[in-house]
Amino acid sequence: MTTSNILQYESKIWATADLLRGCGIKESEWPSFMMPFFALVMIESRLVRMLDEERAEIGEEAWAEMDKQDQSDLIQDKGQGYNEYIFEKSQTLKDICQNDKSFNIDFEAYLHGFDDETKDLLGVDATDGEKFLDIKGVITKLNAKKVLLGYTKEWSGIDLKPFNPDFSQRKEKKGSKTAKMYM
């Protein structure tokens, strides 16, 4: 697998910071706005990479002929997460950002298309108490500032698919559910 330098996305990440600065969000709050979206892009990239690997292993023609439910079961059996938008509708965050008219509805459905564990991690259905990354709260704030679509578009342009962190070398995590999710 070819890996390029992750720093190639530095300007895109700074562009997200510029949007935050431009709408009056304090620099000290940027990490709480950036981390949920960085995690989202990282998770999506991992899922897309997994789908591409499955298609290559099975063969594009055989994959296309396979029953949709069998495809879904095969992916879910991997235990690395799931998103119905990615796997069933072949749409990514970048695709969703193309239509500004339906973006809010599509983005909400995209986020709710993740498996329960991923939704918990991202804070998609966050309520009072533990919110983990609280993407729901961040989205609410960005919507109020009228920059959610632009901010999400910037993040959707970051393709982390070539980057596959090797968690198998970390003793304290080896064999854990979290480590397996990112292998």
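Taking every residue in segment 97-111 that is under 13 Å from I139 (Cα atoms) and modelled with pLDDT of 95 or more and pairing it with any residue that is of a type outside the set (S, T, N, Q) and part of a loop (DSSP other than H, G, I, E, B), at least 6 positions away or on another chain, the pairs with Cβ-Cβ distances below 8 Å are F103/C97; L111/V124.
For segment 142-155, does any single residue satisfy the condition of being at pLDDT 95 or above, closer than 18 Å to A39 by Cα, in a loop (DSSP other than H, G, I, E, B) and under 17 Å from the mean Cα position of the chain (by Cα)? Looking through segment 142-155, none of the residues is at pLDDT 95 or above, closer than 18 Å to A39 by Cα, in a loop (DSSP other than H, G, I, E, B) and under 17 Å from the mean Cα position of the chain (by Cα).
Consider segment 23-49 and keep the residues that are in a helix (DSSP H, G or I) and within 10 Å of Y151 (Cβ to Cβ). The one that is most open to solvent (accessible area, probe 1.4 Å) is M34.
Restricted to segment 120-141, and to residues there that are at pLDDT 90 or above and on the phi > 0 side of the Ramachandran plot, the residue that is least open to solvent (accessible area, probe 1.4 Å) is G123.
Going through segment 1-21 one residue at a time, which ones are open to solvent by 70 Å² or more (accessible area, probe 1.4 Å) and either of a type in the set (G, A, S) or not in a helix (DSSP H, G or I) (or both)?
First, pick out the residues of segment 1-21 that are open to solvent by 70 Å² or more (accessible area, probe 1.4 Å): 1-3, 5-8, 10-12, 14, 18, 21.
Listed by number, the residues that qualify are M1, T2, T3, N5, S11.
Working only within segment 67-90, note down all residues that are in a loop (DSSP other than H, G, I, E, B) and within 20 Å of the chain's Cα centre (by Cα). Even if it seems obvious, please write down each step before you answer.
As a first pass, look at segment 67-90 and keep what is in a loop (DSSP other than H, G, I, E, B): 67, 78-82, 88-90.
Result: K78, G79, Q80, G81, Y82, E88, K89, S90.
The values are calculated or read from the model by the stated rules, or taken from the named source; none is laboratory data. Treat the numbers as computed from the prediction; the structure is a model and nothing was measured. Backbone-built Cβ (ideal geometry, glycine too); neighbour counts: all protein chains shown. Ligands, DNA and RNA are excluded from the accessible area calculation, which covers all protein heavy atoms including side chains. Shrake-Rupley method; radii C 1.70, N 1.55, O 1.52, S 1.80 Å.
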